[in-house]
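Encoded as C-alpha cells, the structure appears first; notes follow it.
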Amino acid sequence: MDGAAAGNHLEVVKWLSAHRSGGCTTAAMDGAAANGHLEMVQWLHEYRVEGCTTAAMDAAGTNGHLDVVKWLHEHRSEGCTTAAKDGAAGSGAFEVLQWLHCNRTERCSSEAMNYAAGAGLLKIIQWLHRYRH
C-alpha cells in the first residue's frame, strides 16, 4: 500500500485498505506528500491510522508542493525539521521557503545556503542572507 500511495494510485489504496489488514505504514503518507499527491494525503488522513512523520512535510517542502505543506501544517501535528526549509532553498521552491519562514518555527540550517549556492539560486541566497535565523 505504501508504494501505491506514493504513486497516487488511490483506487488501489482503497481496495487494499478494504481487503487487507496490513501493508500500510507512515511511508504511505510520507511518500504521497513527497510527490505532491494532496488528495491521497487527505484520504490516508481520513481513513487510515498510520499517519506520517516529519519526512512528509520535509519532502513536500523540498519538492515545492506548497498545497501539501499548508495542508499538513493545518491538519497534522508531526510538523517538519530544518530539512523542509533547507530542501526548499536548494530546490528553488522560493514560495515554499517564504511560507515556511512565516508560518513554522523550525529554522533552516547552514545547509540551506550551501544548497542554494550549489544550485546557483542567487535570489534565494540573498533572501537567506537577509532572513535566515
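If only residues of the range 103-129 that are free of Cβ contacts under 8 Å to residues at least 24 places away in the same chain and of a type in the set (Val, Ile, Thr) are counted, the one that is farthest from residue 70 (Cα to Cα) is 125. Quickly run through the range 29-67 and pick out the residues that are outside any loop (DSSP other than H, G, I, E, B) and either more than 27 Å from residue 112 (Cα to Cα) or among the basic types (Lys, Arg) (or both). Hits for the range 29-67 are 39, 40, 42, 43, 44, 45, 46, 47. Sub-6 Å Cβ pairs linking a first residue in the range 79-102 that is surrounded by fewer than 19 Cβ atoms within 10 Å (Cβ to Cβ) to a second residue that is small (Gly, Ala, Ser), at least 6 apart or interchain, are 82/109, ordered by first then second residue. When residue 21 is tested against (1) hydroxyl-bearing (Ser, Thr, Tyr); (2) under 19 Å from residue 9 (Cα atoms); (3) part of a helix (DSSP H, G or I), just one condition goes unmet, and that condition is (3).
Among the residues of the range 88-105, the one identified as β-branched (Val, Ile, Thr) and in contact with a Leu (Cβ under 8 Å, 6 or more places away or on another chain) is 96. Only one of the numbered conditions (1) within 27 Å of residue 2 (Cα to Cα); (2) not assigned by TED's automatic domain parsing to the domain that holds residue 13 is violated by residue 45, and that is (2). Looking across the range 1-41, the residues that are at pLDDT 95 or above, loosely packed, with under 15 Cβ neighbours inside 10 Å and either touching a helix residue (DSSP H, G or I) at 6+ places or on another chain (Cβ under 7 Å) or under 16 Å from residue 71 (Cβ atoms) (or both) come down to 12, 39.
The values are calculated or read from the model by the stated rules, or taken from the named source; none is laboratory data. This one's a predicted model, so the numbers in the text were calculated from it and none came from an experiment. With ideal geometry, Cβ positions are generated from the backbone for all residues, glycine too; neighbour counts draw on all protein chains shown.
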